[in-house]
Amino acid sequence: MSWVRDHWKGLKQRWDKCSRQVLGPVLGHANDGDARRRKLMLEDYLGSEGQRWTVGWDGWVLSGIVLDSGDVYALGDQDPIHNGKKMINPLDRSSYPIVLGDFHACLEHVQLVYKLYSHDHHGLNIDDVMRWDRQNWAGP
């Protein structure tokens, strides 16, 4: 696993030297679900060294490190298909709702929005709310 960390460090050094001025800083790394990369991302998110940046939400434990340049690093990301599924799959179980502020949301709420409002308002399709195909990731 150390080779992944070394690769990330080398990539950041090359990026800072060649591309940073045009495209901005490296904020983190992407992952397609590989457990080794996910473990390193969690190490970055759960670190305590240096000045940390975090989201001020109750229960939020992840943070990024603020570098000397002022950039925040450790904002890694899973691929968008996995992220989308993480948003829709909990909605499909009423025992595991998504909490939005003081409110809970489940798939029945999304179905209600689909029924009460026009497609122009919400952009949902019937396949998005009925979940016939569990591999349909476009909906989430």
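The values are calculated or read from the model by the stated rules, or taken from the named source; none is laboratory data. Keep in mind that what you see is a predicted model, and the values were worked out from it rather than measured. Neighbour counts run over all protein chains shown; Cβ positions are idealised from the backbone, glycine included. For the accessible areas, the whole protein counts, side chains as well, though only heavy atoms, and no ligand, DNA or RNA atoms are used. Shrake-Rupley method; radii C 1.70, N 1.55, O 1.52, S 1.80 Å.
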Can you give the accessible area of His104, probe radius 1.4 Å, in Å² rounded to 10?
120
Cα-based reach from Lys39 at 29 Å (exclusive), listing lysines while leaving out same-chain residues under 8 positions away:
Lys9, Lys12, Lys17, Lys85, Lys86
Relative contact order of the chain, pairs being alpha-carbon contacts under 8 Å that are 6 or more residues apart, as %:
16
Compute the acute angle (0 to 90°) between the alpha-carbon long axis of helix 107-116 and the principal axis of greatest extent of the alpha-carbon atoms of the chain; round to the nearest 10°.
60
With everything on Cα atoms, drop me the angle between helix 35-45 and the longest principal axis of the chain, reported from 0 to 90° to the nearest 10.
80
Distance histogram in 5 Å bins (all Cα pairs of the chain, percent per bin):
2, 8, 13, 16, 15, 13, 12, 10, 8, 3, 0
Carbon plus sulfur fraction of accessible area for the chain, probe 1.4 Å, in percent
56
Charges only on Cβ, +1 for Lys and Arg, -1 for Asp and Glu: so what's the dipole of the chain about the Cα centre, in debye to the nearest 20?
460
Could you check the simple spin-label distance between Val55 and Asp34, using points 7 Å along Cα→Cβ, in nm with one decimal?
2.5
Helix axis angle, 2-18 relative to the chain longest principal axis, alpha carbon, degrees:
80
When Lys and Arg each count +1 and Asp and Glu each count -1, what net charge do the other residues less than 15 Å away from Glu108, Cβ to Cβ, add up to?
+1
Send over a whole-number figure in Å² for the accessible area per residue of the chain, probe 1.4 Å.
72
Determine the shape class of the stretch 1-74: with a ≥ b ≥ c the square roots of the Cα gyration tensor eigenvalues, call it rounded for a/c under 1.5, and otherwise prolate if a/b is greater than b/c, oblate otherwise.
oblate
Segment Val4-Lys115, extension gain: residue separation times 0.36 nm, minus the distance between their alpha carbons:
35.2 nm
Inter-label distance for Ser69 and Lys17, nm, one decimal - labels placed 7 Å from Cα along Cα-to-Cβ
1.4
Take the Cβ-Cβ distance between Ala105 and Leu27 as r, set R0 to 35 Å, and report the resulting FRET efficiency rounded to the nearest 0.05.
0.80
Given a Förster distance of 22 Å, report the FRET efficiency between Ser95 and Arg134 from their Cβ-Cβ distance, rounded to the nearest 0.05.
0.75
